[in-house]
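> After the structure tokens below, expect a handful of questions from me.
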Amino acid sequence: MFKRIRMKIFIAMILTTALPLSITSGIILYQVSQDVQKDIEFARSRINQDLKGRIGEFSHALNETAYQIYSNPDLIESIALKKEFLTDSRTYDTVRDIREFFLSVYNQSPEKDILGMYLIRSNEDVLGNFFPKLYPDMDASYFRSLLQESKRAGDKPKTLIRYRSLYNEPIIQFLYPVRYLGNPTGLLVIDLREQGFRQLVESYNSFYDGQIVITDSSGDTIYHTDSTQAGAKYVSKPIDSRTNAIETELGSSGWRLHYTFDINPKQILYRNIAILIIIVTALLAVSISLLLSYSMTKPIIHMHRKMGRIQIGDYDARVEVSTSDEIGFLGNQFNRMAEKIQQMIEHDLKLRLMNQETQIKALQAQISPHFLFNTLQMMSGIAEVNNVPDLKLICMSLSSMYRYNMNIQNERVRIRDEIMHIRNYLVIINKRFPGHIRIQIQIEPEAADMLIPKLILQPIVENAVEHGLIPSPGERKLLKLSARVDREDGCLYLYVLDNGSGMGELEQRAIADILGREQPLAEEDSPIGLFNVHSRIRLICGEGYGIRIRSKEGKGTCVIFRLPWREETLEA
């Protein structure tokens, strides 16, 4: 049963705490993943379309610039046939044509970063050059290396990026073979600043730790974001969960563009935080839910065990209360209930023991009263035969008292029956002390049939006669019995009043102390009758009921009975 309660509390806590946080973290994680994917798609689009197109335009512009040399066929023929060394009329001023060509290219080319242009024959002769600003120091070995580079490229146009150049700055070098009748006859070289090309390429490198690499058909690095790695064989960057790679061919040049970039650390941080929140939330939710479920059900389980102890008769079982919340309130209520049950059981047990003891004593003494009752009946008959009325009255009164005492079936009797029992006792007293004690009985009509515990008046009346009236030196001795109902208080009050010798303050305090005890004193002269009557009333009626005494030395004593008022009556 308690496992089910714990599971319900655990599931409720998970649903109310972990689930919303997990959903929120999941949304964050999904959003970060979407942002990362959008970045990848955006980068792919920029590289495959924009950058690829811009590099294609750059390459096309170089080719268009170099192709202008074919606009002068005589120049091509002069380069191929070496006509500048002929003496016939067809000799052309080749040097002038080359200079005009260079000026035309420089002025009309869309590329404004040209540092120099020069034309080399296949035999390493330089036909002409053009340098707008700086004239570098070039030698035959330099020209030879350019021709060899062109041959390695299959006498096809080739673009080189040199980070060490004669211009003391990185350059882009475009090698354009010049053909005559399909055969290469020379090489046009155009040198441009690398800075413009780098700015063009790097303007698309907008992602975190991005790296753009351009390789040729042989896998050599033509361009690298890190210029120190240009010219080396390209080795692809290791790809992991944080790295994205994009590759694309750059037209028919044989170039290949490689773009790698990492996911932004902020996005990784957000993603890791979201994952961490999910994990921590799950752990905290499980831990707190288990802790709460156990802390909430543990006192209940403890209380359940204590209930089991009470069920088997251990009425001292109590719950340890350590909190002031609803569980603590429930534990306090349980302890009060257990204490009340224990008090009621102890009260009932005391009452049963007292009744059983009374019944046992009555049963044990029943033989003598029966014999005495029969004897008194016989004595009454003899007194009637011998005409002795006083003896007959005494015998009849005494036999009625014994008959009343022998009836142990009823625990409660009517006030009228208890008063009749007192009358029989007083008849005997008046015969014993003729005219010595005057008696008054005042009972409200509505109280006559009310129920009171049996035999509570006779011991008090007997004490009043034996210890109050008889020892009193006064001549007018009065014993008064009265009863009234206090409806507002819900009580029935009985009074036994005498004008006897009374008691002093010390004696009254001693009696009050005895009445407040749980057990009577073992002393012979202790008022055992008062204690027994008071104890029986409290056991039968409750703690708030009993007797109290008011007395004044030389004036008399009043014993007040406080009993619960009930409208129930016995059948006549």
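> So is Ile222 part of a strand (DSSP E or B), in contact with an Asp or Glu (Cβ under 6 Å, 6 or more places away or on another chain), modelled with pLDDT under 85 and of a type outside the set (Phe, Trp, Tyr) or not?
yes
> With the checklist (1) of a type in the set (S, T, N, Q); (2) surrounded by 15 or more Cβ atoms within 10 Å (Cβ to Cβ); (3) over 16 Å from Ala43 (Cα atoms) in hand, flag the one item Thr260 doesn't pass.
For Thr260, the failing item is (3).
> Another question, then. Hey, can you tell me all the residues within the stretch 491-513 that are closer than 17 Å to Pro459 by Cα, touching a residue at least 40 places away in the same chain (Cβ under 8 Å) and among the aliphatic types (A, V, I, L, M)?
Leu494, Val496, Leu497
> From the list Ile79, Ile14, which residue is in contact with a strand residue (DSSP E or B) (Cβ under 9 Å, 6 or more places away or on another chain) and at pLDDT below 80?
So the residue among Ile79, Ile14 that is in contact with a strand residue (DSSP E or B) (Cβ under 9 Å, 6 or more places away or on another chain) and at pLDDT below 80 is Ile79.
> Now for a different question. Can you name every residue in the stretch 185-233 that is of a type in the set (A, V, I, L, M) and surrounded by fewer than 15 Cβ atoms within 10 Å (Cβ to Cβ)?
Matches in the stretch 185-233: Leu200, Ala232.
> Suppose the filter is surrounded by 12 or more Cβ atoms within 10 Å (Cβ to Cβ), charged (D, E, K, R), over 26 Å from Ile27 (Cβ atoms) and modelled with pLDDT of 75 or more; does Arg242 pass it?
Taking the combined requirement at face value, the residue does not satisfy it.
> Would you pick out the residues in the stretch 308-326 that are hydrophobic (A, V, I, L, M, F, W, C) and assigned to a helix (DSSP H, G or I)?
Ile310
> Given the criteria surrounded by 13 or more Cβ atoms within 10 Å (Cβ to Cβ) and in a helix (DSSP H, G or I), does Arg305 qualify?
The answer is no for Arg305.
> OK, next. Just name the residue that is modelled with the highest pLDDT out of those in the stretch 523-552 that are part of a loop (DSSP other than H, G, I, E, B) and surrounded by 14 or more Cβ atoms within 10 Å (Cβ to Cβ).
Ranking the qualifying residues of the stretch 523-552, first place goes to Tyr545.
> Since Glu418 meets every condition but one in (1) of a type in the set (D, E, K, R); (2) buried (at least 20 other Cβ atoms within 10 Å of the Cβ); (3) not in a helix (DSSP H, G or I), which condition does it not meet?
Going through (1) of a type in the set (D, E, K, R); (2) buried (at least 20 other Cβ atoms within 10 Å of the Cβ); (3) not in a helix (DSSP H, G or I) one by one, Glu418 breaks only (3).
> Here's another thing I want to ask about it. With the requirement that a residue be under 16 Å from Arg144 (Cα atoms) and either in a strand (DSSP E or B) or among the charged types (D, E, K, R) (or both), what does the stretch 118-133 give you?
Tyr118, Leu119, Ile120, Arg121, Glu124, Asp125, Val126, Leu127, Gly128, Asn129
> Next question. Starting from the stretch 454-476, take each residue that is farther than 20 Å from Ile540 by Cβ and list its partners that are surrounded by 17 or more Cβ atoms within 10 Å (Cβ to Cβ) and of a type in the set (Phe, Trp, Tyr), counting only C-beta distances under 8 angstrom and pairs at least six apart or across chains.
Correct list of pairs: Glu462/Tyr425.
> Right, here's the next one. Restricting to the stretch 19-63, what's the tally of residues that are free of Cβ contacts under 8 Å to residues at least 40 places away in the same chain and over 34 Å from the mean Cα position of the chain (by Cα)?
9
> Would you say Ser45 is surrounded by 13 or more Cβ atoms within 10 Å (Cβ to Cβ), modelled with pLDDT of 80 or more, farther than 30 Å from Ile301 by Cα and out of contact with any Cys (no Cβ under 7 Å at 6 or more places or on another chain)?
The answer is no for Ser45.
> Which residues, counting only those in the stretch 199-226, are among the small types (Gly, Ala, Ser) and either more than 58 Å from the chain's Cα centre (by Cα) or farther than 22 Å from Pro170 by Cα (or both)?
If the condition is that a residue be among the small types (Gly, Ala, Ser) and either more than 58 Å from the chain's Cα centre (by Cα) or farther than 22 Å from Pro170 by Cα (or both), then Ser206, Ser217, Ser218, Gly219 are the ones that fit.
> Val235 versus (1) under 20 Å from Ser150 (Cα atoms); (2) without any contact (Cβ under 8 Å) to a residue 40 or more places away in the chain; (3) part of a loop (DSSP other than H, G, I, E, B): which is the lone unmet condition?
Failing condition for Val235: (1).
> Scan the stretch 134-166 residue by residue and report those that are touching a Phe, Trp or Tyr at 6+ places or on another chain (Cβ under 9 Å) and either touching a residue at least 60 places away in the same chain (Cβ under 8 Å) or not hydrophobic (A, V, I, L, M, F, W, C) (or both).
Pro136, Ser150, Pro157, Lys158, Thr159, Leu160, Ile161
> Here's a follow-up. Would you call Tyr118 buried (at least 18 other Cβ atoms within 10 Å of the Cβ) and within 17 Å of Val178 (Cα to Cα)?
Taking the combined requirement at face value, the residue satisfies it.
> Still on this structure: Would you confirm whether any residue within the stretch 271-289 is on the phi < 0 side of the Ramachandran plot, free of Cβ contacts under 8 Å to residues at least 40 places away in the same chain and more than 36 Å from the chain's Cα centre (by Cα)?
no
> Quick one: which strands (runs of 3 or more DSSP E) lie wholly within the stretch 140-202 and hold at least 2 residues that are over 18 Å from Gly231 (Cβ atoms) and in contact with a strand residue (DSSP E or B) (Cβ under 9 Å, 6 or more places away or on another chain)?
Fully inside the stretch 140-202 and qualifying: 171-180, 183-193.
> Further question on the same structure: Of the numbered conditions (1) of a type outside the set (A, V, I, L, M, F, W, C); (2) buried (at least 17 other Cβ atoms within 10 Å of the Cβ); (3) modelled with pLDDT under 90; (4) out of contact with any Gly (no Cβ under 6 Å at 6 or more places or on another chain), Asp137 fails exactly one; give the number of that condition.
(2)
> Residue check: is Leu181 in contact with a helix residue (DSSP H, G or I) (Cβ under 8 Å, 6 or more places away or on another chain) and surrounded by fewer than 14 Cβ atoms within 10 Å (Cβ to Cβ)?
So Leu181 fits the description; yes.
> Another question, if that's okay. For the stretch 192-213, state whether one or more residues are touching a residue at least 60 places away in the same chain (Cβ under 8 Å), in contact with a helix residue (DSSP H, G or I) (Cβ under 9 Å, 6 or more places away or on another chain) and within 28 Å of Ile76 (Cα to Cα).
Among the residues of the stretch 192-213, at least one is touching a residue at least 60 places away in the same chain (Cβ under 8 Å), in contact with a helix residue (DSSP H, G or I) (Cβ under 9 Å, 6 or more places away or on another chain) and within 28 Å of Ile76 (Cα to Cα), which makes the answer yes.
The values are calculated or read from the model by the stated rules, or taken from the named source; none is laboratory data. Just so it is clear, the structure is predicted and the values come from calculations on it, not from any experiment. Glycine gets a Cβ as well: all are built from the backbone with ideal geometry, and neighbour counts include every protein chain shown.
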